[in-house]
Amino acid sequence: MTTVGIIGSGNIGSTLARLAVDAGHRVVLSNSRGPETLADLAADLGPRASAATSGDAAAAGDIGVVTVPLAAFPDLPAAPLAGKTVIDTCNYGPERDGHIPELDSTSLTSSELLLWNIPDALLVKAFNNIFFKHLLSLGRPAGAADRSYLPIAGDSGPAKAAVTAFIESLGYGVVDAGPLADSWRQETGTPVWGTPYGPYSDEKGQPAGEDAIRAALAVATR
């Protein structure tokens, strides 16, 4: 059983928490408003879930998950995430985040910007390219013909292996999309972002196999 410390408990964070608990993991939830605001969610998820401050969630997790707006990056608890595998689910949206010159000019990916703020974490980009309702519904057992795949990007082999094992435990296969510098291939608006899993209007989504994800990554342009 892995303990997952989740920083940010919006749509993706709470969906990951539910999937992780269902897969037998323990989750520690946090948000910017305090653990008391997550009491109902933690109770609904059951005894393997609890709520804490972001610092305590980061410290508790064998794996960390950062799923926050980019404006919150400077407030992340860097020290307890140092040396840990951390999943970055974040997407850049200028309409929400304001314009960030390094991202607008493509001199950095959003994951590389995150790494500025948690420089000693072993960062892996994952879960950012799928609608949360599709993430909730498309998990399938290993070997299933309709198993869906998710791309990951990162610079640490051991961190990628840990994230791959975690994703597989949730019912998904993994496509290695390269180093963190190549994580732009799965960012907002790219071919692998959302589209392979079907329209948002179809809440159940459609399976997206390994070949479809590899093809979508390959045709991405910057």
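The values are calculated or read from the model by the stated rules, or taken from the named source; none is laboratory data. Fair warning: this is a prediction, and the values are worked out from it, not measured in the lab. Because the Cβ atoms are built from the backbone with ideal geometry, glycine has one as well, and the counts that use them run over all protein chains shown. Accessible surface areas use protein heavy atoms only, side chains included; no ligands, DNA or RNA. Shrake-Rupley method; radii C 1.70, N 1.55, O 1.52, S 1.80 Å.
Summarising the label geometry, the points placed 7 Å from Cα in the beta-carbon direction at Asn11 and Ala215 lie 2.6 nm from one another. For the chain, a Gaussian network of Cα nodes joined below 10 Å ranks Ala165, Ala59, Ala42 by mean-square fluctuation, and the top entry is Ala165. Summarising the strand pairing of the chain, around 10 percent of its internal DSSP beta bridges are antiparallel.
Probing with 1.4 Å while keeping every protein chain in the model, the per residue accessible area of the chain equals 42 Å². For the range 156-222, with all protein chains in place and a probe radius of 1.4 Å, 56% of the accessible heavy-atom surface sits on carbon or sulfur.
Panel note: the C-alpha atoms of the range 1-157, placed on their principal axes, show extents of 42, 41, 32 Å (largest first). Summing Cβ point charges (Lys, Arg +1; Asp, Glu -1) relative to the Cα centre of the chain gives a dipole of roughly 380 debye.
Were the residues from Asp146 through Ala39 laid out at 0.36 nm apart, the gain over their Cα-Cα distance would be 35.0 nm. In this rough spin-label picture, where each label sits 7 Å from Cα along the Cβ direction, the Thr195-Ser156 distance is 3.3 nm.
When shorter helices are ignored and each DSSP H run of at least 4 residues is given -39500 (n - 2.57), the per-residue value for the chain at 222 nm works out to -8500 deg cm²/dmol. The lysines within cross-link reach of Lys84, meaning a Cα-to-Cα straight distance under 16 Å and a gap of 8 or more places when in the same chain, are Lys125, Lys160. Of the complete DSSP H runs in the chain, those spanning 15 angstrom or more by Cα along the long axis with a mean Kyte-Doolittle score not below -0.5 are 11-22, 157-169. The residues Asp104, Asp182, sorted by heavy-atom accessible surface at 1.4 Å with ligands and nucleic acids left out, run Asp104, Asp182 from largest to smallest.
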